[in-house]
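S.K.: The structure follows.
The values are calculated or read from the model by the stated rules, or taken from the named source; none is laboratory data. The shown structure was predicted, so the numbers you read here are calculated from the model rather than taken from an experiment. Counting neighbours? That spans all protein chains shown, and the Cβs are built from the backbone with ideal geometry, glycine included. Only protein heavy atoms, including side chains, enter the accessible area calculation; ligands, DNA and RNA are left aside. Shrake-Rupley method; radii C 1.70, N 1.55, O 1.52, S 1.80 Å.
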2 protein chains.
Amino acid sequence: MSEAFTFTLSKTEGMARRGAFTTPHGSVQTPAFMPVGTAGTVKGLTPEVVRETGAEIVLGNTYHLMLRPSPERVAALGGLHTFMNWPLPILTDSGGFQVMSLSSLRKLTEKAVTFRSHLDGTMFELSPERSIEIQALLGADISMQLDECLKLPAAREEIARAMELSLRWAERSRRAFEARKADGYALFGIVQGGDDMALRHESARELVNIGFEGYAIGGLAVGEPQAVMLKVVEETTPALPAARPRYLMGVGTPHDLLEAVARGIDMFDCVMPTRNGRHGMAFSRFGTINLSNARHADDPRPLDAESPHPAARTYSRAYLHHLVKANEILGGVLLSTINIAYYQALMAGMRSAIEAGRFADFHAATLAGWRQGDIPAL
Amino acid sequence: MSEAFTFTLSKTEGMARRGAFTTPHGSVQTPAFMPVGTAGTVKGLTPEVVRETGAEIVLGNTYHLMLRPSPERVAALGGLHTFMNWPLPILTDSGGFQVMSLSSLRKLTEKAVTFRSHLDGTMFELSPERSIEIQALLGADISMQLDECLKLPAAREEIARAMELSLRWAERSRRAFEARKADGYALFGIVQGGDDMALRHESARELVNIGFEGYAIGGLAVGEPQAVMLKVVEETTPALPAARPRYLMGVGTPHDLLEAVARGIDMFDCVMPTRNGRHGMAFSRFGTINLSNARHADDPRPLDAESPHPAARTYSRAYLHHLVKANEILGGVLLSTINIAYYQALMAGMRSAIEAGRFADFHAATLAGWRQGDIPAL
């Protein structure tokens, strides 16, 4: 029954790619968006609700799960799929990004990063090998190498140093992963190099030399303008092997996704649909809609009468406004659901468009819809 | 197509009653438990999830909806059923209880109660007539008369004064309700009188003289011991007409429900399954289980492998513990679902038992299960 992690490209249009990859827990159609299940849950949503949005894969956070409830505990309970009742593929990050953004008292050495938990001050050490071990304990279908992620802007020497450390960690991650010999599971390398294209190209080349089942572009969506991000994506994807999936980490808005697919990206993850949903914001074909705005208080229209998801078709804007104003949990639950469903519909739209050779049209029509700002007045 | 509100008793055992009532939005099997949809939402749960617990009717709070989003707005949006996407029966309370417990600067006169909103300080007036008007604007299948609800213990003269005012308000409520002439809709009177049985009997007698589609017992679950509550119930139900449903307001624990059904009650509402669920507590056949307790951290067992609800059968106690400790929204969502489902299963169990003439056995077996404290060790 052993089977390799496979990625198949079925169609391309310009740099945009239509494909699918296969993992031990099933296949995922690409381009794909992965909802973020930070601490073993996509915040507020049952796995059934996540599945009904169209999501085929979720992301789990190594940092959060390592602190609580601990990877050894999750493993003893049958792994993350069983623990959170999500039978489909799971990708876990390496923990590196959250160590940098959430923990305190970090000490970074060649060997590992040592940090204090933001929850209770406990000291933890995370090395490339421990990160792979944790992701194996969680049972991730796709693991990520440990890397060092900087905030932009940063000095070139600093970016180069972090990129080179990340490359050495990539090699150690790969060796640790190979030692597992688990069929069908995948490890992705992460291209670093900030906004310096020479460093990005060097990073990509060296990672390809090591060899991974897929390649991520990391160190973006960390404060840089969208134009910088897209330029890095556009100039990095050609340096990556066509036969492997490409994952743009932590991105982004629906517009980011549209433009990144146009530049050759196959996979995304982002907390925006859930986090912004909890703050009263809806993503839609008509752009973003702030439900806390009083103009929605008497509006009987649903967010999108033609949405493929019933929640977007059923609840009135007035009701969603009421839930948001009253700080009702259901407001965040419904808007998170509606937003993930919109992200999934956007990805499905891009997939169909690439398949049909009309991605350029889809791109233009989608932008026009967002520019419109809302449903046209009757 | 006009149809009266009807209540049919199909079986009794001792004082316990098996029946059903019919409203413009469908029938409800009794004894029934109504989840509380305070501000137009059963906290954290979609209507589909509430329906899947087995609930056939929910309660809406006049006080909360009157403050926000306002009954006129709900009416303009199609009524509460449409607003919250709950197509089945809705009972609304009169607002009186929350005015007493939540608002400030109350002034109670013969005419009405004037109070300051706990949200923004706006002054509101609630009279028996306005309460009926609000409940009509919401479109409640069952409305409740406005009453004055005291905390126990209270002096006899104070209890008598409030009971007599409530009777005068019952009469005004009935007149206001009759003026609507809406077929199939129901108004319930509320028996008051604290723990003084002479006052309770007087209240019941006078309410029956006015005539209502159903009768509630109010002013309980306000701090008195369970024995006091059950004694009042036991001595009040015989004073109410057998052919009308009897509703014990704001009650209670599963044990309260079991004992109150044994004393002739047909309907209940309570925030406990949702509120306690949000605080990490599960109700089950084995009694209450505090999921925040560390003893659950490594427990792979579900809460109840034989529950009729999948959430109670699927998620491990370890996972629920993790969600509660991590303060994840999904913890409250799942435990609210599981708790309402347990309440519904308990009601369904009582209904079947009364039907089969084995309520006494069911009562004993249920108590034994709770006493057990948890699933027996293997």
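S.K.: Rule-of-thumb check for chain B: C-alpha Rg over 2.2 N^0.38 Å?
M.R.: Normalised by 2.2 N^0.38 Å, the Cα Rg of chain B equals 0.97.
S.K.: May I have the extent of the alpha carbons of the protein assembly as shown along their three principal axes, as whole Å values ordered from largest to smallest?
M.R.: 90, 66, 45
S.K.: List the aspartates and glutamates whose Cα lies under 20 Å from the Cα of A:Lys43, skipping any in the same chain that are fewer than 8 positions away.
M.R.: Filter leaves A:Glu52, A:Glu56, A:Asp93, A:Asp269, A:Glu328, B:Glu48, B:Glu328.
S.K.: Restricting attention to segment A:59-142, which GluC sites (Glu not before Pro) occupy a DSSP loop and are surrounded by at most 12 other Cβ atoms within 10 Å?
M.R.: When the GluC sites (Glu not before Pro) of segment A:59-142 are filtered for loop state and at most 12 Cβ neighbours within 10 Å, A:Glu110 remain.
S.K.: Tell me, what is the percent relative contact order of chain B, built from C-alpha pairs under 8 Å that lie six or more residues apart?
M.R.: Computed over chain B, the figure is 18 percent.
S.K.: What residues in segment A:66-87 lose 10 Å² or more of accessible surface when the other protein chains are added to their chain alone (1.4 Å probe)?
M.R.: Residues losing area: A:Arg68, A:Pro69, A:Arg73, A:Leu77, A:Phe83, A:Met84, A:Asn85.
S.K.: Roughly how much accessible area, to the nearest 100 Å², goes out of reach of solvent when A and B pair up, both sides summed, probe 1.4 Å?
M.R.: On the way: alone 15390 and 15420 Å², together 28010 Å².
Buried area (both sides, nearest 100 Å²): 2800 Å².
S.K.: Tell me, what is the FRET efficiency for A:Asn293 and B:Leu105 to the nearest 0.05, using R0 = 35 angstrom and their Cβ-Cβ distance as r?
M.R.: 0.70
S.K.: Could you list the GluC sites (Glu not before Pro) in segment A:292-359 that lie in coil according to DSSP, counting only those with at most 14 other Cβ atoms within 10 Å of their Cβ?
M.R.: Here the sparse-neighbourhood loop sites are A:Glu306.
S.K.: For labels at A:Glu158 and A:Glu125 in the simple 7 Å Cα→Cβ model, what's the distance in nm?
M.R.: Output for this residue pair reads 2.7 nm.
S.K.: May I pose another question? Less than 18 Å from a label point 7 Å out along the Cα-to-Cβ axis of B:Asn327: which backbone N atoms in segment A:112-139 qualify, by residue?
M.R.: Residues A:117-122 fall inside that zone.
S.K.: Please give every one of the lysines within straight-line cross-link reach of A:Lys107, meaning a C-alpha to C-alpha distance under 20 Å, and leave out same-chain neighbours fewer than 8 residues apart.
M.R.: Qualifying lysines at Cα under 20 Å: A:Lys151.
S.K.: Further, regarding this structure: Using a 1.4 angstrom probe, figure out how much accessible area segment A:242-378 has per residue, in square angstrom, rounded to the nearest whole.
M.R.: On a per-residue basis, segment A:242-378 sits at 37 Å².
S.K.: Also, I was wondering about something else. I need the shape label for segment A:257-301. Rule: rounded when a/c is under 1.5, else prolate if a/b > b/c, else oblate, with a, b, c from the alpha carbon gyration tensor.
M.R.: On the way: a/c = 4.40, a/b = 2.21, b/c = 1.99.
Judged from the Cα gyration tensor, segment A:257-301 comes out prolate (a/c at least 1.5, a/b above b/c).
S.K.: Moving to a separate point now. Using Cα springs under 10 Å in a Gaussian network model of chain A, which residue among A:Gly79, A:Gly37, A:Gly95 shows the largest mean-square fluctuation?
M.R.: Among A:Gly79, A:Gly37, A:Gly95, the largest GNM mean-square fluctuation belongs to A:Gly79.
S.K.: Right, something else. Please quote Rg/Rh for segment A:119-197 to two decimal places, taking the Kirkwood radius as Rh and restricting both calculations to Cα atoms.
M.R.: So for segment A:119-197, dividing Rg by the Kirkwood Rh gives 1.03.
S.K.: Here's something else I'd like to know. What's the FRET efficiency of A:Ala227 with B:Glu355 using the Cβ-Cβ distance as r and R₀ = 60 Å, to the nearest 0.05?
M.R.: Efficiency for this residue pair is about 0.30.
S.K.: Now for a separate question. When only C-alpha pairs under 8 Å and at least 6 residues apart count, what is the relative contact order of segment B:1-111, in percent?
M.R.: Relative contact order comes out at 21 percent.
S.K.: Follow-up. Among A:Lys231/A:Lys325; A:Lys231/B:Lys325; A:Lys11/A:Lys231, which pairs are too far apart, with a Cα-Cα distance over 31 Å?
M.R.: Over 31 Å Cα-Cα: A:Lys231/A:Lys325; A:Lys231/B:Lys325.
S.K.: I'd like the accessible area for B:Cys149, computed on protein heavy atoms only with a 1.4 Å probe and all protein chains in place. Round to 10 Å², please.
M.R.: 20
S.K.: Counting only other chains, and only Cβ atoms inside 10 Å, what mean value do you get across the residues of B:316-329?
M.R.: The shielding value for this peptide is 5.
S.K.: Shifting gears a bit: At 1.4 Å probe size, what's the solvent-accessible area of A:Tyr342? Round to the nearest 10 Å².
M.R.: Number for this one is 30 Å².
S.K.: For segment B:309-371, what class follows from the C-alpha gyration tensor (a ≥ b ≥ c being the square roots of its eigenvalues): rounded when a/c is under 1.5, otherwise prolate if a/b is larger than b/c, else oblate?
M.R.: Because a/c hits 1.5 or more and a/b exceeds b/c, segment B:309-371 counts as prolate.
S.K.: Let me ask something else. Starting from the Cα of A:Lys181, draw a straight line to each of the aspartates and glutamates and keep only those under 18 Å, dropping any in the same chain fewer than 8 residues away.
M.R.: Reachable aspartates and glutamates: A:Glu3, A:Glu129, A:Glu133, A:Asp141, A:Glu171, A:Glu213.
S.K.: Would any residue of segment B:220-236 have its amide N under 14 Å from a label point 7 Å out along Cα→Cβ of B:Arg180? List them or say none.
M.R.: none
S.K.: Just to be sure I understand the model, the point goes 7 Å from the Cα along the line to the Cβ. What's the resulting A:Arg301 to A:His118 distance in nm?
M.R.: It works out to 3.8 nm between the two label points.
S.K.: Give me the three principal axis extents of segment A:241-363 from the C-alpha atoms, as integers in angstrom, largest value leading.
M.R.: Rounded to whole Å, the extents work out to 50, 26, 20 Å.
S.K.: Between A:His118 and the same site in the other copies, what are the distances in nm, shortest first, taking label points 7 Å from Cα along the C-beta direction?
M.R.: Its label point is 3.3 nm from the equivalent points in the other copies.
S.K.: Suppose the Debye formula is applied to equal point scatterers at every Cα of segment A:1-150; what is log10 I(q)/I(0) at q = 0.20 Å⁻¹?
M.R.: -1.23
S.K.: Mind listing the label-point distances from A:Ala4 to the same position on all other copies, shortest first, one decimal in nm, points 7 Å along Cα→Cβ?
M.R.: Nearest to farthest, the other copies are at 7.8 nm.
S.K.: Report the residue, chosen from B:Leu67, B:Leu146, B:Leu258, that carries the largest GNM mean-square fluctuation when chain B is represented by alpha-carbon nodes joined by springs under 10 Å.
M.R.: B:Leu67
S.K.: Right, here's the next one. In Å², and per residue, what accessible area does segment B:65-157 have when probed at 1.4 Å with the other protein chains present?
M.R.: Value returned for segment B:65-157: 39 Å² of accessible area per residue.
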